[in-house]
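Structure record follows, encoded as structure tokens.
No value in this document is a laboratory result; all are computed from the given coordinates. The model shown is predicted, which means the values in this text are computed figures rather than measured ones. Cβ coordinates were reconstructed from backbone atoms using ideal geometry, including for glycine residues, and neighbour counts include every protein chain displayed.
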Amino acid sequence: MADHQAVLGAPVSLFHTATGIAYADLEIDQHRETWPIRGRQFRAWLRRWHYERTGEAMDSAAIRSILDLLEARAQFDAPERVVHLRVAHHEDCTYLDLADQRWRAAEVRRHGWRIMTHPPVRFRRAAGMLPLPVPERGGSIETLTSFLNLPTRDDQVLVVSWLLGALQHSGPFPLLAIAGEQGSAKTVLSKILRALIDPM
């Protein structure tokens, strides 16, 4: 990490994926953000970092030079990591990216859960991702079923099982087929379920 910081004088940690995509971990306001080095967000951060310290804009040639160097160091000198989208699994724990501005994730263990800003896994942010609400303790799945227009208890169990299956880190994943006559709120149900696991 010291070598990477020497390029910018900033807390930047580099890594690459199995396909060679270069990433940077940034420490910002006591949380970690992960961005591809060739992405728009990292370039914007680089411009802002330079401006806040010098009061000057970084010219395009300097930006290209730094990005080229950081990409090479990430690909050839830095470790390889897996980058996940929304859900990850690590050492018997499941991690759910809340996709909020503080880059928090929920760590779910066998006997409990907690919110953290530095999970041991890395997440990427796809275009259009929206944040999930921060979970609260003391709730019940029965509260959810009161919002869903499901006629039987079996239907409720199937839907909750589908929600849990959709939040697994790897497949196979269950498919949800919603059937009903016109006006039975199938579209509303679909929107509610999607908002619960991955609002876009």
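Show the residues, 5+ positions off or on another chain, whose built amide H is closer than 5 Å to the amide H of residue 87.
Here 97 satisfy the definition.
If you take every residue apart from residue 27 with its C-beta less than 13 Å away from the C-beta of residue 27, what net charge results, scoring Lys and Arg +1 and Asp and Glu -1?
In short, -1.
Starting from the Cα of residue 90, step 7 Å along the direction of its Cβ; do the same at residue 59; then give the gap between the two resulting points in nm.
Each label point is offset 7 Å from its Cα along the Cβ direction, giving 4.1 nm.
What's log10 of I(q)/I(0) for the range 79-192 at q = 0.12, 0.17, 0.18, 0.19 Å⁻¹, Debye sum over Cα points only, no solvent?
Computed log10 I(q)/I(0) values: -0.53, -1.00, -1.09, -1.17.
By its C-alpha gyration tensor, with a ≥ b ≥ c as the square roots of the eigenvalues, how is the range 82-130 shaped: rounded for a/c under 1.5, else prolate for a/b larger than b/c, else oblate?
prolate
Calculate the FRET efficiency for residue 40 and residue 140 from the Cβ-Cβ distance with a Förster distance of 45 Å, rounded to the nearest 0.05.
Working: r = 42 Å, r/R0 = 0.92.
Calculated transfer efficiency: 0.60.
What translational diffusion coefficient, in µm²/s and rounded to a whole number, does the Stokes-Einstein relation yield for the range 138-200 at 10 °C and a viscosity of 1.306 mPa s, taking the hydrodynamic radius as the Kirkwood radius over Cα pairs?
Value of D from the Cα-based Kirkwood radius: 126 µm²/s.
Label residue 195 and residue 161 with points 7 Å out from Cα along Cα→Cβ: what is the distance between them in nm?
Output for this residue pair reads 2.6 nm.
Hey, what angle do you get for helix 153-166 against the long axis of the chain, alpha-carbon based, 0 to 90 degrees rounded to 10?
That helix lies at roughly 10 degrees to the long axis.
Over the Cα atoms of the range 25-144, what radius of gyration and what Dmax do you get, in Å?
Just the Cα atoms of the range 25-144 yield Rg and Dmax of 17.5, 58 Å.
The range 132-200: which trypsin sites (Lys or Arg not before Pro) are DSSP loop and have at most 13 other beta-carbon atoms within 10 angstrom?
Here the trypsin sites (Lys or Arg not before Pro) that fit, given the DSSP loop and packing criteria, are 137.
If each residue's Cβ is checked for other Cβ atoms within 10 Å, how do 103, 113, 49 rank with the fewest at the top?
Starting with the residue having the fewest Cβ neighbours, the order is 113, 49, 103.
How far is it, in nm, from the label point at residue 182 to the one at residue 115 when both lie 7 Å from their Cα along the line to the Cβ?
Result: 4.5 nm between the two label points.
Go through the range 42-52 residue by residue and turn each phi into a ³J(HN,Hα) via Karplus (6.51, -1.76, 1.60, θ = phi - 60°); whole Hz please, and just put x for glycine and proline.
5, 4, 5, 4, 4, 4, 5, 4, 5, 5, 5
What list of ³J(HN,Hα) couplings, whole Hz, do you get for the range 86-93 from phi and the Karplus terms 6.51, -1.76, 1.60, once you set θ to phi - 60° and write x for glycine and proline?
Whole-Hz 3J(HN,Hα) from phi for the range 86-93: 6, 10, 9, 10, 7, 6, 6, 10.
For 51, 95, 23, what ranking results if the residue with the fewest other Cβ atoms within 10 Å of its Cβ goes first?
The most exposed by this proxy come first: 51, 95, 23.
Sorted from fewest to most neighbouring beta carbons within 10 Å, what does the list 16, 118 look like?
By the 10 Å Cβ count, ascending, the order reads 118, 16.
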